[in-house]
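The structure appears below as structure tokens.
Quick note: the coordinates plus some simple rules give every number you see, no bench work behind them. Quick caveat, the model's predicted, so the values are computed rather than measured. Cβ sites come from the backbone with ideal geometry, for glycine too, and all protein chains shown count toward neighbours.
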Amino acid sequence: MKRFPLALLAALVIGAVQAQSLTIYASRGEGLVQPIIKQFEKDTGIQVKLRFGPDAEILAALQEEGSRSPADLFWANSSGSLEAATKAGLLLKLPPELLSRPSEFVPSSGLWVPVSVRFRVLAYNPSKIKPSELPASVMDLPQIAKLKGRIGWTPTYSSFQDFITAMRALKGEAATKAWLLAMKAAGAKAYANNPAMLDAMRAGEIDVGLSNHYYIQRLLAGIQEGEYEGKEEDQVKTPTSSNPAAKANVATYYFSKGDVGSLALVTGAAVLKTSKQPALAEKFLNYLLEAKSQQFTVDQVREYPVVSGIKLPASLLPFTEVVGRSPKLDFSKLTDLDGTLKLLREVGLL
Amino acid sequence: MVRTAGRPLPWHFILPALLALAGVLLPMVYLLLRALQADPQTLQEIVFRERNLRLLGNTLALMLGVLLVCTLLALPLAWLTTRSNLRGKRFLSLLLTLPLAVPGYVGAFALLGATGPGGLLETLLHLNWPRPQGYWGALGVLTLFIYPYLFLNLRAALLGLDPSLEEAARSLGYRGIAVVLKVVLPQLRPALYAGWLLIGLHVLGDFGVVSLMRFETFSYAIYIQYSASFDRVYAAWLSLMLIVLTLSLLWLEARALLGLNLSRVGQGSARRQTQTPLGRWTPLAYGFAAIPIAGALVIPLATVGYWTVGIVAQQTGLSDLLDALWNTLQASAPAALVATSLALPLAYLGVRYPSRLSRALERTAYLGYAVPPLAFALALIFFSLRGLPFLYQTLGLLIMAYALYFMAEAIGPIRSALYQASPRLEEAARGLGYRPAQAFMRATFPLLRRGLLSSMALVFLSSVKELPLTFLLAPVGYDTLATRIWSYTSEAVYAQAAPYALIIVVFSACFIGLLLTQERR
């Protein structure tokens, strides 16, 4: 109880001496956020106050706080929550210099910038399934007889829902519904999240699962960091490892180029309307797009960068190949989350 | 019990009681405000649909199952750790309480990681235990991590039980089991009801465990509404429906407690309890106690520890760990104290001044607990920013939030203790010239010691692992052990979560241990 008022006092004193401080609400895991923020503080002398929590919690808090919110920035774990913030009118328009930095995935609204990219892939158990047995398109997955009752998915997970939104945009409402029903008929098992699904694969409950790419990467515990050639002091001591028991039996299967099963999704960040210092907040967004921060995201988080010139570990695909993998689709079409939830409710998945 | 109905309620209890209730009712007001924003068409689509009814059925089935199994587990354990001649009863009690310190979703995930082919159990012991899933999985895992609610309540009641009642029964010719059925069990009713209520409410509200077990319950629908749709309006409707369910539980419990009559009528203080020798049953008793300890502590913690094996660069800085530990302590310990202080007047009024009003007051305290914590936190944001903006994002508000939310957990043990403390003592103190508040402090309060300690333990353990309230109400930049664990596990970086998970259990163990040593005096 003693330290808190002291810390407050210290914060006040520091605040008075040097007025520059930013309040960031982040819905990414703290371990992925904190190192970048510490480095930012060191590099710029700007103090950062960080609140973190899951997407839904942060977003709901922002809306309840309304105009009284002390936050300057929202650093989100999914484009879906950024679009929800856009809809709620929480975000400030960003300057074109900032928006032109990422090589792709910038929303037409110009209200947020992408920070990292993740892909939808198929995780499979190589001791049970050969890649040659898997279809080129995710649309054909429920037709593979060998996989009946052996497929896992995560209907409640935001990236999965974004994937369904993309499928609706690319293949149409009817085809998406048919696919969902076919998957259900094929006995697809619903898991709460990707780690739980991959653990179920380890335990032999399923042989394949629709996942985000980095969960598999992290499970494979990329300690073999031979490709990395950065300067010693820049090198992040990676190994964000994981359940070693689960190491053995998982591999990544990429659906064909342009298939909706290879959809790219982004995380991003935005300046809030409540910010009293938008210029300073934009400075932070710029920092997130700098090579140093992007390199950290790649090494530590195992996501893909949004700017070119970042060294990727061997386990990730080359950047140029990555950009072309995802189906071409107007990014603003990925915002109809309500329609997707309605469809998922209709087929009884939610 | 001395009939006290009709006496005017004492103001020194009424005031704090009303204060506590105001705090608990705020979230209701908030939910109603949000619910009123709904549009009927969408309401039909999201809230009033057949699937939700099915989920409701799942929830009820799960609740009944968990209640039954928890009772079968907690009742014998509570008896063994208070009334038998087992060695190390205090240590055993500590171990049996600790599953409450394991955040449910961590425990569930660890148990999944331990089972099935390639799991920890198979790797180390060549034991291919089936993976928990579905109804039975949810039932088993929930039971393992929440039976201590009942255990602690029953334990406090058993310790406060006057053995002369059992002796009287024996002298009237009853023996063995008959004494238990005729005398002990009826005395345990308030504790049973209080424990059942907490467990029932917990099952109603749980999302973390059931989702990992792939068993869909009603709170699943609420969670999806908040998290997938980023919606607060229809989620409020679903939350209100859950609260109606809670109300019916509370009503059932109130009916069951009606006319309960348990305090000692004899003179003098209760005598020391005798210990039943177990003889050749001793190994069996230890074996029975080992089941929940293995399932809820040893296996999950071993699994979490195992995740750190082979990690080359362990990055967890000691200072981060200590920081999170200190933050956890400075919010949870005061919260335990405040919650217990708030619960005391409510329980006192309910027991000593039984009337519709006082019972209603006491019951309302549980309503806060029935609100999904996310909604509770949003309500406090809503009201604190509008009413007391200087409180927002301060430690004070976080402590208040914990205390109000977990007050319901504190009521049970205090109430059981009050039922067993004779009101005559207090009346005598007043007869001797003490003012009512003094009389309570001198005569009744010392008898409530065990109940109060149990209450504090329950609130403390819950606050330590609490997530949504901490995320939304803590001062900016404030990490607790639980938020750290969430942060790492949500990104599937288990190795880094492991030290925090281990610390949370060790730390809670120290706190509970401290409380248990206080019990002796």
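In order along the stretch B:340-349, the phi-based Karplus estimate (6.51 cos²θ - 1.76 cosθ + 1.60, θ = phi - 60°) of 3J(HN,Hα) comes to 5, 5, 6, 6, 4, x, 5, 5, 4, 4 Hz; Gly and Pro are listed as x.
Karplus-derived 3J(HN,Hα) values for the stretch B:413-418, using 6.51 cos²θ - 1.76 cosθ + 1.60 with θ = phi - 60°, are x, 5, 5, 4, 5, 5 Hz; glycine and proline are entered as x.
Counting every other Cβ atom within 10 Å of each residue's Cβ, B:255, B:83, B:424 order from fewest to most as B:255, B:424, B:83. Distant-in-sequence amide contacts of residue A:50, defined by a placed amide H-H separation under 5 Å and a gap of 5 or more residues or a different chain, comprise A:24, B:477. May I ask for the distance between the Cα centers of the stretch B:311-374 and the stretch B:456-509, given as a whole number of Å? Distance between centres, Cα-based: 15 Å.
How much FRET efficiency would the formula 1/(1 + (r/R0)^6) give for residue A:97 and residue A:321, where r is the Cβ-Cβ distance and R0 is 35 Å, rounded to 0.05? Before the final figure, lay out the partial values.
On the way: r = 28 Å, r/R0 = 0.80.
Once the sixth-power term is evaluated, E becomes 0.80.
Seen from every direction in turn and averaged, the convex hull around the alpha carbons of the stretch A:40-117 projects onto 6.0 nm². Counting only lysines at least 8 places from residue B:182 when in the same chain, those with an alpha carbon closer than 26 Å to its own are B:89.
Counting only residues at least eight positions apart within a chain, or on another chain, the aspartates and glutamates with an alpha carbon under 19 Å from that of residue A:333 are A:83, A:104, A:162, A:173, A:259. The charge dipole of the protein assembly as shown, taken about its Cα centre with unit charges on the Cβ of Lys, Arg, Asp and Glu (plus for the first two, minus for the last two), comes to roughly 3220 debye.
Taken along its three principal axes, the alpha carbon spread of the stretch B:156-250 comes to 65, 26, 18 Å, from the longest extent down to the shortest.
So for the stretch A:246-350, averaging the separation of alpha carbon pairs under 8 Å that are six or more residues apart and normalising by length, what relative contact order in percent results? Reported relative contact order: 30 percent.
Under a 5 Å amide H cut-off, with hydrogens placed 1.01 Å from N, residue A:91 pairs with A:273 among residues at least 5 apart or on other chains. For a test of the definition: using alpha carbon positions, the gyration tensor, and the 1.5 limit on a/c, classify the stretch A:261-335 as rounded, prolate or oblate. In terms of gyration-tensor shape, oblate. Averaging 1/r over each pair of different alpha-carbon atoms in the stretch A:83-197 and inverting the result gives 16.8 Å, the Kirkwood hydrodynamic radius. Rg ratio for the stretch B:288-392: its Cα radius of gyration over 2.2 N^0.38 Å, N being its residue count, equals 1.64.
Please find the FRET efficiency linking residue B:438 to residue B:44, where r is the Cβ-Cβ separation and R0 is fixed at 56 Å, and quote it to the nearest 0.05.
Taking R0 as 56 Å, the efficiency between residue B:438 and residue B:44 is 0.45.
Normalised Debye scattering of the stretch B:89-220 at q = 0.22 Å⁻¹ gives log10 I(q)/I(0) of -1.21, counting only Cα atoms as equal scatterers and leaving out solvent.
Put a dot 7 Å past the Cα of residue B:476, heading toward its Cβ, do the same for residue B:288, and the two dots end up 5.5 nm apart. Under 16 Å between alpha carbons, and skipping anything fewer than 8 positions from residue A:273 in its own chain: which lysines qualify? The reachable lysines, counting only those whose Cα sits under 16 Å from residue A:273, are A:87, A:93, A:283. Projected label points at residue A:145 and residue A:185, each 7 Å from Cα along the beta carbon direction, are separated by 1.5 nanometres.
For chain B, compute Rh as the Kirkwood radius over C-alpha pairs and then the Stokes-Einstein diffusion coefficient at 37 °C and 0.692 mPa s; write the answer in µm²/s, rounded to an integer.
137
Rounded, prolate or oblate: which one fits the stretch A:307-347, using the alpha carbon gyration tensor with axes a ≥ b ≥ c (rounded when a/c is under 1.5, else prolate when a/b beats b/c, else oblate)? Taking the square roots of the gyration eigenvalues as a ≥ b ≥ c, the stretch A:307-347 is prolate. Converting phi to 3J(HN,Hα) with the Karplus coefficients 6.51, -1.76 and 1.60 and the offset θ = phi - 60°, the stretch A:118-130 yields 10, 10, 7, 9, 10, 7, 9, 9, x, 7, 10, 10, 9 Hz in sequence order, with x at every glycine or proline. Pairs of Cα atoms nearer than 8 Å and 6+ residues apart set the relative contact order; for chain A it is 26 percent. May I ask what percent, to the nearest 5, of DSSP beta bridges between residues of the protein assembly as shown are antiparallel? Just about 60 percent of them are antiparallel.
Semi-axes of the equivalent ellipsoid of the protein assembly as shown: what are they in whole Å, largest first, if each equals the square root of 5 times a C-alpha gyration tensor eigenvalue? Show your work: numbers first, answer last.
Working: eigenvalues 474, 185, 130 Å².
Equivalent ellipsoid semi-axes, largest first: 49, 30, 26 Å.
One decimal place: the segment residue B:181-residue B:276 gains 32.6 nm when fully extended, by the rule 0.36 nm per residue minus the C-alpha distance.
To the nearest 0.05, what FRET efficiency results for residue A:108 and residue B:256 with a Förster distance of 56 Å applied to their C-beta separation? Walk me through the numbers on the way to the answer.
Values: r = 61 Å, r/R0 = 1.09.
Efficiency, from the Cβ-Cβ distance: 0.40.
Where the only charges are on Cβ atoms (+1 Lys, Arg; -1 Asp, Glu), what is the dipole of chain B about its Cα centre, to the nearest 20 debye? Let's see the in-between values first.
Values: 39 positive and 21 negative charges, 445 e Å.
So the magnitude is around 2140 debye.
Shielding value for B:463-476 is 3, the average number of Cβ atoms from other chains within 10 Å of each residue's Cβ. Across chain B, the mean sequence separation of Cα contacts (distance under 8 Å, 6 or more residues apart), normalised by length, yields a relative contact order of 24 percent. Take the residue pairs A:146/A:177; A:146/A:184; A:148/A:184 and return only those whose Cα atoms are more than 19 Å apart. Correct reply: A:146/A:177.
One quarter of the surface of the convex hull around the alpha-carbon atoms of chain A equals 18.9 nm², the direction-averaged projected area.
When you look at the Cβ of every residue in B:221-229, what mean number of other chain Cβ atoms sits within 10 Å? Numbers along the way, then the final one.
Working: counts 1, 0, 3, 7, 3, 5, 10, 14, 10.
Other-chain Cβ atoms within 10 Å of each residue's Cβ, averaged: 6.
Taking every residue in A:334-341, how many Cβ atoms of other protein chains lie within 10 Å of its Cβ, on average?
Values: counts 0, 0, 0, 3, 3, 0, 2, 7.
Averaged over the peptide's residues, the number is 2.
Peptides B:13-24, B:297-308 ranked from most to least packed, by the mean per-residue count of other Cβ atoms within 10 Å: B:297-308, B:13-24. Residues whose amide H falls under 5 Å from that of residue B:480, counting only those 5 or more places apart or on a different chain, are absent, with hydrogens built in the peptide plane.
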